[in-house]
Each structure stands twice: as structure tokens, then as C-alpha cells.
Amino acid sequence: MSYFIIIRGPAGVGKTSIAHKLSQLLHAYYIGFDTVLQCHNLDFISENGCVSECNMLLANKMIIPEAQERLKNRQSVIFDGNFYHKSQLEDLITELKYPYLIFTLKADLPTCSARNKMRKQPLNDQEIKNVFELVSKFDYGEVINTNGYNVGEIVQKILKEIYT
């Protein structure tokens, strides 16, 4: 049976590392929204400090056909992104029509900021704060606190949820 998983949370929380590891373990197809946005020049930040809802929904439209094809062929799909617009999540759920799980990863702002600084191309402090605040406005799905846990431990928590 195929299904999709959405890993959401603020920048620096560990989404990409966790999503890559899950994709490996589950033999799932990985889709990173940051990459989709960058490749299609949709990643510009508006005056409210985030990528517009319109651009996020446009990115959905670009990846949905590939995700549907993978799901139809019994391959699960893992999405990784901030998902700070609830409409983007709801659009994926509506369009894909397959079983799904959503995980909201959380960590405190200092932890996200410190992890961000270890990236090859870190965001600046204001960008980290903006994304943190936007993502923190709502929880969706299963909430997992990543403070004090490593990637392997978080992946194990997610796997328990998948197989329960």
C-alpha cells in the first residue's frame, strides 16, 4: 500500500535530514519543497517574511503529477518543507487522495538557529525567526519535539507512528 508523509517544521529543526533517512528506510520517493521552489524561482520572500501562499500552491501543482504517479505505482512519497500555509497542506491532501501522515517537528528558536548555522548556506537570524514564527502558528498532524534528540531517534519515533 502506498501513502505519503509530510514532514513540516521551522528551518533548522532537522526536517531534511529526517526526511532523507525515512526515504531511505522506506524506499520512498523524496520531494524537498525548498528545492522545488528554488528550481522554479518561486522562493522569493515577500514583505511578510515568507514565500507567498500562491507560490507554495504553484509548487504543489508542479510536484503533484510526479507524486501521483509514484503513489499509483505503489511507491510512498515523503515531502519535506516548512508548510507554513495551511492551504498548501490541505491542497496536497485533497489532490493526492492517498493515505497520509503529517508530522510537525518542533524545537525552540535557539536550537533551530544553532542548527541553521551549521548549514552550508545558512539563513540569516531574521529569516530563521520569521519562518519559526510562521510555522509555529499552527500544528498539523503528529507533533514531535526534536530538542535533545538525534536524527535516528526522531526517525524511530516516526516509524512507530507509521506502523501503529
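No value in this document is a laboratory result; all are computed from the given coordinates. Just so it is clear, the model here is predicted, and its values are computed rather than measured. Note that we place each Cβ from the backbone using ideal geometry, even for glycine, and neighbour counts take in every protein chain shown.
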Would you pull out the residues with amide H under 5 Å of I78's amide H, same chain only if 5 or more places away, H placed 1.01 Å from N? I5, Y29, Y30, I31
FRET efficiency for N150 and T35, Cβ-Cβ distance as r, R0 = 22 Å, nearest 0.05? 0.40
Please report, in debye to the nearest 20, how large the charge dipole of region 4-162 is about its Cα centre when each Lys and Arg carries +1 at its beta carbon and each Asp and Glu carries -1 there. 480
State, to one decimal in nm², a quarter of the convex hull surface area for the C-alpha atoms of region 32-81, i.e. the direction-averaged projected area. 3.4
Give the lysines whose C-alpha is closer than 24 Å to that of K160, dropping any in the same chain fewer than 8 places away, or say none. K15, K21, K97, K106
Any idea what Rg and Dmax come out to for region 99-164 if you just take the C-alpha atoms, in Å? 13.3, 39
Percent of alpha-carbon pairs separated by more than 19 Å within the chain: 53
Percent RCO, i.e. relative contact order, over the chain, from Cα pairs under 8 Å lying at least 6 residues apart: 37
Near-label residues of region 1-34 by backbone N, under 16 Å of a point 7 Å along Cα→Cβ of E133: 10-11
